[in-house]
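Have a look at the structure below, then the notes.
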Amino acid sequence: MDTTLPDPLVDHLLDGRYRVEARVAVGGMATVYRALDTRLDRVLALKVMHPSLAADRAFVERFIREAKSVARLDHANVVSVFDQGTDGHYVYLAMEYVAGCTLRDVLRERGALRPRAALDVAEPVLAALGAAHVAGLVHRDMKPENVLIGDDGRVKVADFGLVRAVDTHTTSSTGSVLGTVAYLAPEQIEQSDQGAVDTRADVYACGVVLYEMLTGAKPHTGGTAAQILYQHLHEDVPPPSAAVPGLAPQLDALVAAATARDPRLRPSDAVELLAMVREARAALTDEQLDAAPPAAAPAPEQAGPEDATSVIPRVPAAADDATSVLPRVLPAQAADVHHTTRLETPPAPSALPSQAPPPPRGLARRLPHRWILVAAAALLAVLAGTGVWYINSGQFTTVPAVLDMPQGKATTTLEKAGLGVKSREEFSETVERGHVMSTDPKPGDRIRNTGKVTLTVSRGPQKAEVPNVVGMPLDQAKRKIEAQGLTVGEVGKQFSDETPKGSVLATDPKPGVQRRPDSAVALVVSQGKQLNVPDVTGQPVAAATSALRDAGFQVEVANEQVFSDRPQGAVAQQSPGKGTQAAEGDTVTLVVSKGKEMIAVPDVTGKSEAEARRILTGAGFGVKVERPFLFPKDSVESQSVRAGERAAKGDTIVVRMKSGF
């Protein structure tokens, strides 16, 4: 039986805008969902704070403040923050949705990475952190789980700034984030004032992540979090080459610099560490970059040795004299001979001593031919090996990684690799203007030495200019604004003596201002001249209509009439009413009077005064009582309108009381 409890947010419309489609991940602070922005029709990620934390007002305020800071980061390798809001007890962030996996998923599946792949991940991570550090933000929770690798290969860093909202729990006894102790810098453990922790804490965490990518394991391990924290404080991170023999010393130096226990000995921020990574990478050979670590899981194409593709022809064990481009192994007794051997050419037949026995028949012809055949076979083998190498590798090179580089630097890098360069431009909301968005072929792909790489360079965010629609009718103004890629926002109204009714008085933003596509432009529309509505109640309909039209208004007569004190056929009511201000051309609605309502007068003779009053007022009449001067009785003798006769509703009925004589 499935006992899994359904998530209450799935299929829920959060904040009237975001339709939650599926739960993606659950963390110590929040749950991440894939959602659809129903307003902009795009898929995004929603990070919804756990209700227990959302109840803490100070926590929420700090969460929102840090989210606003992160939203100002505009970098290709940073997960963008689009929106922040609350819906009941839910506090959420709307962020960019990255379809792909995390670095943790990659390490779990593949183990250790080749140095080239590890540096391919480290560079964009450090570029993202460098942008944050320049902006005054410290991540404080760098780990493989926060490194996202998209299906397109782009690397992005998530959860910028959010750790600041939970730093008071980082090393608390509650253990709320003990799962990340493997990446804590010593000063994060020692200092109770987390505000004193700076960018070098992120540098330390990046060094630990780089170690883990190169070796497939964390540098410090233990049965409890306390054991790991102790090692951070008292033991240096070992060099990666201790776990993976043969790693280049430059990689050891990088990890050692980034993970120095004394923060003063580390690079000051991610920008400085990124420069060190690029310098170290430039010093490594292809063999060092592509060295396969023992902890790496075999790639799917890495079959067994019998199926491995090689540019060197395989030589069967029994074919001792098969041609090979490898040096042949000498017999055991000649194993130490490595000098060049010179073969003496046999003397010409005329120079042979006459007494020498003649060679066997045909030997003189076969011996030179044999050496020629051997030499030719060797030459063919060399040429074949060279040809195979050229066909498989020699005519190809690898496209260098130039993503997010300035266009000039990327062009220089590609030209140094012997490649031609073409470029084109596209708008981008995430990549800085003038920097490379993508390449064709992609970085790391093979390309012929004579090939060209097409760079797609960012033009920055696409901008739309607010058009000048002042004075235009509203419908025409809307069409012009939408034609510029903008949307029409709130439409207000305002009286104007100069601009015709229904035409645009002003826009916000003003004409000529540039905004991102789909931004809203608010409009103020003229209501026309401001006029006082005259009072036409009591006038005949024709006269009232003429008076209102002369005053600048349209007139509409209601279909239904009402009883009123006004004469039948006169105006009983008007809307807007007397003294109201309205725009020229507005419509005034008139309601025609049917005259007074006539109703039957009830019989109250013989009733007491109180009873008579109750009956008559209940029927809609006014009451006046006349009493005799002497000895009045409490009984109605007569009434001014006889019972059963009709009188106008609201009229006064006079009742006369009886006398005692």
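Numbers for the structure displayed
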{"item": "Built amide H within the under 5 Å cut-off of Gly27, gap 5+", "result": "Val32"}
{"item": "The range 503-601: trypsin sites (Lys or Arg not before Pro) in DSSP loop, at most 11 other beta carbons within 10 Å", "result": "Lys578"}
{"item": "Length gained when the stretch Asp651-Arg264 is fully extended (0.36 nm per residue, less Cα-Cα span)", "result": "129.3 nm"}
{"item": "Filtered GluC sites (Glu not before Pro), the range 512-600: DSSP coil and at most 12 other beta carbons within 10 Å", "result": "Glu560"}
{"item": "Lysines whose Cα lies under 27 Å from that of Lys463, excluding same-chain neighbours fewer than 8 positions away", "result": "Lys68, Lys156, Lys409, Lys422, Lys478, Lys480, Lys510"}
{"item": "Ordering of 234-247, 119-132 by packing [mean C-beta count within 10 Å, highest first]", "result": "119-132, 234-247"}
{"item": "Cα centroid separation - the range 578-597 against the range 462-525, whole Å", "result": "34"}
{"item": "Relative contact order [Cα under 8 Å, 6+ residues apart], the range 100-289, whole percent", "result": "26"}
{"item": "Estimated dipole of the range 51-100 in Debye, rounded to 20 [Cβ of Lys and Arg +1, of Asp and Glu -1, Cα centre]", "result": "160"}
{"item": "Segment Ala483-Gln561, length gained on full extension (0.36 nm per residue, minus Cα span)", "result": "23.2 nm"}
{"item": "Given charges at beta-carbon only (K, R positive; D, E negative), |dipole| of the range 460-595 in Debye", "result": "320"}
{"item": "Separation in nanometres of the label points that stand 7 Å from Cα toward Cβ, at Leu233 and Phe629", "result": "11.6"}
{"item": "Of Gln407, Thr439, Gly418, farthest towards positive along the dipole that unit charges on Lys, Arg, Asp, Glu beta carbons give the range 396-458", "result": "Gly418"}
{"item": "Sequence-distant residues sharing a close amide H with Val453 (under 5 Å, placed H)", "result": "Gly420, Val421, Lys422"}
{"item": "Within the range 619-661, GluC sites (Glu not before Pro) in DSSP loop having at most 11 other beta-carbon neighbours inside 10 Å", "result": "Glu645"}
{"item": "For Ala76, residues with placed amide H under 5 Å, excluding near neighbours", "result": "Glu432"}
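Values in this text are rule-based calculations from the coordinates and carry no lab data. It should be emphasised that the depicted structure is a prediction, and the values quoted were computed from it without experimental measurement. Here Cβ is always computed from backbone atoms with ideal geometry, including for glycine, and neighbour counts include all displayed protein chains.
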